1. Answer yes or no as to whether Ser144 is open to solvent by 50 Å² or more (accessible area, probe 1.4 Å), in contact (Cβ under 8 Å) with a residue 12 or more places away in the chain and closer than 30 Å to Ala297 by Cα.
2. Here is a check on your reading of the model: is Met228 of a type in the set (A, V, I, L, M) and closer than 24 Å to Ile169 by Cβ?
3. Please go through the stretch 150-194 and pick out each residue that is under 15 Å from the mean Cα position of the chain (by Cα), open to solvent by 90 Å² or more (accessible area, probe 1.4 Å), touching a residue at least 12 places away in the same chain (Cβ under 8 Å) and farther than 20 Å from His12 by Cα.
4. Taking the criterion of being part of a loop (DSSP other than H, G, I, E, B), within 30 Å of Phe39 (Cβ to Cβ) and in contact (Cβ under 8 Å) with a residue 24 or more places away in the chain, would at least one residue in the stretch 252-274 satisfy it?
5. If you check Asp239 against the conditions, is it loosely packed, with under 12 Cβ neighbours inside 10 Å, assigned to a helix (DSSP H, G or I) and either modelled with pLDDT under 95 or over 20 Å from the mean Cα position of the chain (by Cα) (or both)?
Amino acid sequence: MGHGIAHVFSRHGCRVSLYEPFEAAREEAPRKIREELQFMVDEECITPAERDLGIGNITMFSDLAAAAKDADYVIEACPEKIEIKRELFAKLDGICPQHTVFATNTSSLRLADIIRFLPAERQKLCMVCHWYNPAYLLPIAELSKFGNMDEDVFGEVYELYVRCEKQPICILKDITGMVANRLLHAQAREAFHLMEIGAASAEDIDKALKFGPCFRNATTGMLEVADMGGLDIWLTAEDNFFPALDNSEKACGAMRKLVEEGNYGIKTGRGFFDYPPEKRASAQAEFYKRLIVQLKASRNY
């Protein structure tokens, strides 16, 4: 996700140093950045001038010290392995200025566990900034506000995200999955369960989400929807059907079987749906086009 995060900041005027230790990924990143920004131009989401600014404000680095020595704000987007993140932050602590804020894009690890071995003063400048993929199309950014950071420093970071047209969410407790992923997977668990028991086809389960609750939730959050519908009605309904909902503590068996068989989704050609080789590129492109339509629509609410 690193390159997508980078060009969100760069096209809003920030100078970005993009560090990538692996040569193949480092050589590929500029092409991906150009393609994604051009896609946004083609879809009339940004201007050619913003595209050029986004490209021009990024410098690629193979050396961590050269990339980070003057940084004010650092985001790591490395794999979800705590040892890797700890090692990276330890190196950065010896490279970056004292005022540099360290942010982790983790989606499943606790901040306290990642920064445990950093000096106390640096821990006061550490936070989670969880982006959704693709980072340049989904507006959300979950920002941890766990009490370790000075209010003024947090405020500066929050305003940076606002200036970059993100929708920052303040997360007040250091809990697994933050907020958005917990909401996502609570919904996903029931969707996967419904498919597994044959309640409807995979196509119709997705259709029910797209044109039912998710259609409404795109403009109105769940809590406001409940207020609009009447909490007395919601209370009765939930008491009635909560006992019937899936409460599994493990991922559904159907998905586990697909993974065990090497079927990971579009990248292998089969998941819950089939993606023949000749249709994979178009399926991916249509997915991004739907997201950018939603991104543009979201500016109205």
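1. Details: open to solvent by 50 Å² or more (accessible area, probe 1.4 Å): no; in contact (Cβ under 8 Å) with a residue 12 or more places away in the chain: yes; closer than 30 Å to Ala297 by Cα: yes.
The answer is no for Ser144.
2. Values: of a type in the set (A, V, I, L, M): yes; closer than 24 Å to Ile169 by Cβ: yes.
So Met228 passes the test.
3. Scanning the stretch 150-194 gives a single hit, Leu183.
4. Yes, there is a match, as at least one residue in the stretch 252-274 is part of a loop (DSSP other than H, G, I, E, B), within 30 Å of Phe39 (Cβ to Cβ) and in contact (Cβ under 8 Å) with a residue 24 or more places away in the chain.
5. Values: loosely packed, with under 12 Cβ neighbours inside 10 Å: yes; assigned to a helix (DSSP H, G or I): yes; either modelled with pLDDT under 95 or over 20 Å from the mean Cα position of the chain (by Cα) (or both): yes.
Spelling it out, Asp239 is indeed loosely packed, with under 12 Cβ neighbours inside 10 Å, assigned to a helix (DSSP H, G or I) and either modelled with pLDDT under 95 or over 20 Å from the mean Cα position of the chain (by Cα) (or both).
The values are calculated or read from the model by the stated rules, or taken from the named source; none is laboratory data. As the structure is a computational prediction, the values presented were derived from the model and not from experiment. We place every Cβ from the backbone using ideal geometry, glycine too, and count neighbours over all the protein chains shown. To get the accessible areas, we keep the full protein, side chains included, count just its heavy atoms, and leave off ligands, DNA and RNA. Shrake-Rupley method; radii C 1.70, N 1.55, O 1.52, S 1.80 Å.
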